[in-house]
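> Got a structure here, written out as structure tokens. Questions coming.
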Amino acid sequence: MPQPRPAEPGMTLDAVETPALLVDLDAFERNLDRMASLLQGKAARLRPHAKTHKSPPIAKEQIARGAVGACCQKVSEAEILVDGGIADVLISNEIVGATKIARVATLAKRARIGICVDDEGNARDLGRAAVAAGSTIDVLVEIEVGGRRCGVDPGLPAVALAINVAATPGLRFRGLQAYHGSAQHLRDHANRRRAIERAAGLTRETIEALAVAGLDCPVVAGGGTGSLMIDLELGVLNELQAGSYIFMDADYGAAGTTGLATGFENSLTVLSTVMSVPRAGVAICDAGLKAMSFESGPPRIDRPAGVRYAGPSDEHGNLEVPPGATLKLGEKLHLVPGHCDPAVNLYDWYVGHRGNRVARVWPVAARGASA
């Protein structure tokens with residue numbers, strides 16, 4: 001069941017119950033506006049990834065600034081987005097299993113629903129379910145462009161699958177999914193560029209092969225926050241699936257994707273309280289493994305300068321405090337998560353603030369939606 005709201009509008013941040021998921025609304029809105037500005041006059045459209053925020057209200061703010069809809073990874077996320085008023089949702093993932101496929105087919109009666117496939121049998125199952133439900137499902141054939149995850153081989157194997165999809169009742173072939181996830185966080189910009197250029201080349205070859213086979217490819221989807229500027233320059237993708245740009249995180253900062261590189265700012269932090277100052281040079285805060293994810297590294301602490309998050313346990317964060325700096329019992333800290341998406345999934349509520357004052361509190365509606 002959802003936890004009690006950690007704050008109410010009008011409170012100061014010192015009064016917020018911690019750990020809490022904070023959104024600096026001014027920085028968040030600048031990120032939204034920056035993305036809209038980057039895409040103005042471009043052929044590419046934005047279909048932002050809702051796995052980052054899991055929030056229909058945020059998706060609506062993105063759509064209000066020109067996004068064509070939203071994408072997500074799970075059927076349950078898609079259901080919550082549609083329930084929240086989002087009319088065009090792509091599940092940018094493969095969905096397998098009769099129950100989940102039936103849910104997709106039923107949802108496609110209420111909104112425009114797309115899905116990715118990389119297998120003919122899966123496409124047949126989706127088509128049968130759509131016919132039974134009286135709906136039509138948009139399909140993107142996913143191609144493997146370097147991430148070594150899902151996807152059929154580009155070129156002729158992808159064309160063969162696309163022909164199969166186009167001939168399957170209940171399905172509508174819409175194009176390609178060409179996402180290179182592992183390139184998004186490459187630290188060396190030259191290596192990142194090479195990876196994205198290779199992916200774009202494979203995608204372009206597949207588009208050309210589809211044309212030879214007589215198939216239109218109106219949607220070429222993929223990309224992310226880490227490859228955004230390269231994807232815009234190359235011009236192969238026409239639906240960009242960046243998600244983290246609204247929040248950013250410590251890992252994207254380390255990859256050089258915040259600030260001058262894109263204009264995006266860290267707007268998401270975990271507010272934590274210093275709960276113990278047991279000895280010189282050491283403090284303990286109340287945000288540990290259950291407050292953030294650590295697979296992309298520890299959170300960054302910008303203030304006080306020099307304080308370092310040394311390591312987590314379940315409910316504690318060990319902090320190293322340099323000589324000359326002090327942390328007091330009860331002091332609040334803003335922790336920039338290593339990876340924003342799984343950090344968001346640990347909370348029931350967003351606490352939006354302007355300066356030191358809470359301005360808005362709203363639910364992380366799809367928190368835990370994993371089926």
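Readers should treat all values here as calculations from the given coordinates under stated rules, not as data from a laboratory. In this text, all values refer to a predicted model and were calculated from it rather than measured experimentally. All Cβ positions, even for glycine, are placed from backbone atoms using ideal geometry, and neighbour counts span all protein chains on display.
> Could you run through segment 333-363 and say how many residues are part of a strand (DSSP E or B) and either without any contact (Cβ under 8 Å) to a residue 24 or more places away in the chain or over 21 Å from Val307 (Cα atoms) (or both)?
Result for segment 333-363: 13.
> Could you grab me the full set of residues in segment 38-78 that are more than 14 Å from the chain's Cα centre (by Cα), surrounded by fewer than 22 Cβ atoms within 10 Å (Cβ to Cβ) and in contact (Cβ under 8 Å) with a residue 40 or more places away in the chain?
Of everything in segment 38-78, those that are more than 14 Å from the chain's Cα centre (by Cα), surrounded by fewer than 22 Cβ atoms within 10 Å (Cβ to Cβ) and in contact (Cβ under 8 Å) with a residue 40 or more places away in the chain turn out to be Leu38, Leu39, Lys42, Ala43, Ala44, Arg45, Pro57, Val68, Ser76.
> Can you tell me how many residues in segment 128-149 are of a type in the set (A, V, I, L, M, F, W, C), surrounded by fewer than 24 Cβ atoms within 10 Å (Cβ to Cβ) and either touching a Pro at 6+ places or on another chain (Cβ under 8 Å) or within 15 Å of Thr206 (Cβ to Cβ) (or both)?
Residues meeting the conditions: 1.
> Being more than 21 Å from Asp249 (Cβ to Cβ), of a type in the set (A, V, I, L, M) and touching a Ser or Thr at 6+ places or on another chain (Cβ under 9 Å) is the filter here; which residues of segment 302-336 pass it?
Leu329
> A further question on this structure: Would you confirm whether or not segment 90-97 contains a residue that is in a helix (DSSP H, G or I), in contact with a strand residue (DSSP E or B) (Cβ under 7 Å, 6 or more places away or on another chain), at negative phi and crowded, with 20+ Cβ neighbours inside 10 Å?
No, every residue in segment 90-97 fails to be in a helix (DSSP H, G or I), in contact with a strand residue (DSSP E or B) (Cβ under 7 Å, 6 or more places away or on another chain), at negative phi and crowded, with 20+ Cβ neighbours inside 10 Å.
> In segment 153-173, is there at least one residue being assigned to a strand (DSSP E or B) and among the small types (Gly, Ala, Ser)? Spell out how you get there, then give the answer.
Taking segment 153-173 first, the residues assigned to a strand (DSSP E or B) are 171-173.
Next, from what is left, pick out any that are among the small types (Gly, Ala, Ser): none.
No; the residues of segment 153-173 include none that is assigned to a strand (DSSP E or B) and among the small types (Gly, Ala, Ser).
> If Glu79 satisfies all but one of (1) under 29 Å from Ala287 (Cα atoms); (2) not in a loop (DSSP other than H, G, I, E, B), what's the number of the condition it fails?
With (1) under 29 Å from Ala287 (Cα atoms); (2) not in a loop (DSSP other than H, G, I, E, B) applied to Glu79, the lone miss is (1).
> Checking the structure you have, find out if any residue of segment 189-201 is in a loop (DSSP other than H, G, I, E, B) and touching a residue at least 12 places away in the same chain (Cβ under 8 Å).
no
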